[in-house]
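Trainee: Quick one: the structure is below, questions incoming.
Bear in mind that the values in this text are calculations on the coordinates, not laboratory data. Given the structure is predicted, the values throughout are model-derived calculations rather than measurements. Every residue, glycine among them, receives a Cβ derived from its backbone with ideal geometry; neighbour counts consider all protein chains shown.
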Amino acid sequence: MYSEKILEHFKSLEYAGEMKNPDAVGQVGNIRCGDVMKVFLKIKDGVVVDIKFLTYGCIAAIASSEAMCRIVKGKKIEEALKITAKDIVKELGGELPPVKIHCSVLGREALGKAIENYREKVKKN
């Protein structure tokens, strides 16, 4: 069901785990499938210098979270916001099963929530 590229992202988790003292956190979930994704960001001078995730879900959800992190790290916030679910699928080799596309969408939504959280914090300070 899953391509080698998806399995590689699932098995080689360099961004999985909780982050201590993040600058921002975003969390989303899908009631239908039960997937929950939480994204942590460290931002310096408008650049995502570190990113981590905690994902409760299937192989596709975890691989999508890892792929999203690989794309985002080192990008300016504005560039990170332009990343789409299609970009995440492309990072996964373009072969995410159609019934699992929602996993890439969740990754993008969690990233968006984290950036929104960061911007709210910046406004308050």
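Trainee: How long are the semi-axes of the ellipsoid equivalent to the range 4-118, from square roots of 5 times the Cα gyration tensor eigenvalues, in whole Å, largest first?
Mentor: 21, 14, 13
Trainee: Arrange H102, H9 by Cβ neighbour counts within 10 Å, fewest through most, would you? All intermediate terms of the calculation are to be shown ahead of the outcome.
Mentor: On the way: H102 19, H9 28.
By the 10 Å Cβ count, ascending, the order reads H102, H9.
Trainee: Ok, one more. Quick one: of K100/K123; K5/K123; K44/K90; K20/K124; K100/K124; K86/K124, which pairs are farther than 30 Å apart, Cα to Cα?
Mentor: K100/K123; K5/K123; K100/K124; K86/K124
Trainee: On to the next question. What's the Kirkwood radius of the range 67-119 in Å, using all Cα pairs?
Mentor: 11.2
Trainee: How far is helix 101-124 tilted off the main Cα axis of the chain, in degrees rounded to 10, range 0 to 90?
Mentor: That helix lies at roughly 0 degrees to the long axis.
Trainee: Going by how many other beta carbons lie within 10 Å of each one, how would you line up L13, L54, L41, fewest first? Please list the in-between numbers first.
Mentor: On the way: L13 15, L54 18, L41 25.
So the residues, fewest neighbours to most, are L13, L54, L41.
Trainee: For the pair K44/C58, report the inter-label distance in nm, with labels modelled 7 Å from Cα in the Cβ direction.
Mentor: Each label point is offset 7 Å from its Cα along the Cβ direction, giving 3.9 nm.
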